[in-house]
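This report refers to the structure that appears directly beneath it.
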Amino acid sequence: MATIKDIANMTNVSPTTVSRVLNNDQTISVLEETRQRILQSAKELGYKTILERQAEKHLEAAKKTPHVGILLCQTLEEEMSDPYFLSIRQGVEEELLKQGITSSSMFRLHETGSNQLIHNFDGLIVIGRISETALKKVSDHIQNVVYINHSPDDTLYDSVVIDFVKSTEIAVKHLLNVGYNRIGYIGGEEKEHVNSGKVRIEDERLTTFEKLMKREGLYNPSWTFIGEYQMAHGYELMKKALKLGEFPEAFFIASDPMAIGALKALQEAKLSVPNDVAIVSFDDIEIAQFTSTPLTTIKVHTKEMGQTGVKLLMDRLNGRTLPLKVILPSELVIRQSCGAVR
């Protein structure tokens, strides 16, 4: 690499003068012929100023920064009604910025038509459930794909999930250990995007609840209520449960928003939680600790799920070829709604 001293020797000018000319110092008094001679020598020797070298570094860094796509399988309304997926997305966006990735684009599946392919990305992060065939409808050639909250094929794709089976067992066994036998279930439908629509799939929270209660000899199918994962549905389903001649003394409710709706229905019926009906829910969204009766719930580290997804993608882009499936732990957070604190 050429230096100022090399140019000074070639032009028979002092290094100080060479430096000031190359750095465009307007205060220096030098003949125009000398200035041009210095600039020409610098060009011939391939000398670059500090600013030029810095600009090249920035350009090179920009070229190396991957372009990441984020595909959301939820509508905006669905995301707002259940902060579970909103928190995952926020974790993704925060980690992308932390990794210095400012080149990213977000798409919602229902807004991405067959003529609007998601392409020109180095990697794609998928939040939610979508089949591989449906993904290929909107993504033509992206190889580096990370799924969050879904693992369609762990021999091909990276994924970040939680163990719904173990989490549900923790919740239900807690209610059993507190002393409840008549336990009901309120939940929504798990759906996967397939081609142009959605299909209902097995919700491991529901199936695990049923298996565990049957094993205990306590399962009552009339105490299972299924709607959508929305606060309003939690409210309506609890009202429906209260119309039974004998309703459960405790409920496992598969999401905090549904549990908040259920709390309102119980309050309107002038029933006390947990004295009349106990509740354990799922998610531990921020408002769960501030409800009229603070919710005992399974804490899911949703923001960390998003952050982990970005780290997996970066690792992939750096050369890893072996697909990884990361299962984040969940934990029971005991508050007043289950009656255990009594």
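Among residues of region 157-179 that are farther than 15 Å from Glu249 by Cβ, those with a beta-carbon under 6 Å from a residue that is of a type in the set (Val, Ile, Thr) and surrounded by fewer than 19 Cβ atoms within 10 Å (Cβ to Cβ) at least six positions away or on a different chain give the pairs Val160/Val326; Val161/Ile327; Asp163/Ile327. Examine region 129-142 for a residue that is in a helix (DSSP H, G or I), open to solvent by 20 Å² or more (accessible area, probe 1.4 Å) and in contact (Cβ under 8 Å) with a residue 60 or more places away in the chain, and state whether such a residue exists. Yes, because at least one residue in region 129-142 is in a helix (DSSP H, G or I), open to solvent by 20 Å² or more (accessible area, probe 1.4 Å) and in contact (Cβ under 8 Å) with a residue 60 or more places away in the chain. Filtering region 262-280 to residues that are surrounded by fewer than 24 Cβ atoms within 10 Å (Cβ to Cβ) and small (Gly, Ala, Ser) leaves Ala265, Ala269, Ser272.
Taken over region 143-178, the residue count meeting the criterion of being part of a helix (DSSP H, G or I) and either of a type in the set (Gly, Ala, Ser) or at pLDDT below 90 (or both) is 2. Of all residues in region 1-28, those that are free of Cβ contacts under 8 Å to residues at least 12 places away in the same chain have Cβ atoms under 6 Å from Cβ atoms of residues that are basic (Lys, Arg) and open to solvent by 100 Å² or more (accessible area, probe 1.4 Å), 6 or more apart or on another chain, in Pro15/Lys5.
Consider region 223-258 and keep the residues that are of a type in the set (Ser, Thr, Tyr) and closer than 22 Å to Glu286 by Cα. The one that is farthest from the chain's Cα centre (by Cα) is Tyr235. With respect to the conditions (1) of a type in the set (Lys, Arg); (2) assigned to a loop (DSSP other than H, G, I, E, B); (3) more than 55 Å from the chain's Cα centre (by Cα), Arg35 lacks only one, and its number is (2). In the list Thr293, Thr297, which residue meets the criterion of being modelled with pLDDT of 95 or more, open to solvent by less than 30 Å² (accessible area, probe 1.4 Å) and not in a loop (DSSP other than H, G, I, E, B)? Criteria check complete, one pass: Thr297.
Scanning region 71-100 for residues that are among the charged types (D, E, K, R) and open to solvent by 40 Å² or more (accessible area, probe 1.4 Å) gives Glu77, Glu78, Glu93, Glu94, Lys98. Tallying residues that are closer than 30 Å to Ala250 by Cα, open to solvent by 50 Å² or more (accessible area, probe 1.4 Å) and part of a loop (DSSP other than H, G, I, E, B) within region 315-341 yields 3. Checking every residue in region 107-122 against the condition of being modelled with pLDDT of 90 or more, under 27 Å from Val326 (Cα atoms), of a type in the set (Val, Ile, Thr) and touching a strand residue (DSSP E or B) at 6+ places or on another chain (Cβ under 7 Å) gives zero matches.
Residue pairs whose Cβ atoms lie under 7 Å apart, sitting 6 or more positions apart in sequence or on different chains, and linking a residue in region 224-253 that is open to solvent by less than 40 Å² (accessible area, probe 1.4 Å) to a partner that is assigned to a helix (DSSP H, G or I) and among the basic types (Lys, Arg), are Phe225/Lys240.
Summed over region 184-223, residues that are part of a strand (DSSP E or B), free of Cβ contacts under 8 Å to residues at least 24 places away in the same chain and open to solvent by 60 Å² or more (accessible area, probe 1.4 Å) total 3. Being in contact with a Phe, Trp or Tyr (Cβ under 7 Å, 6 or more places away or on another chain), aliphatic (A, V, I, L, M) and buried (at least 17 other Cβ atoms within 10 Å of the Cβ) is not true of Ala288.
The values are calculated or read from the model by the stated rules, or taken from the named source; none is laboratory data. Model, not experiment: these values are computed from the prediction. Cβ atoms come from the backbone with ideal geometry, glycine included; neighbour counts cover every protein chain shown. Calculation scope for accessible area: heavy atoms of the full protein, side chains included, ligands and nucleic acids excluded. Shrake-Rupley method; radii C 1.70, N 1.55, O 1.52, S 1.80 Å.
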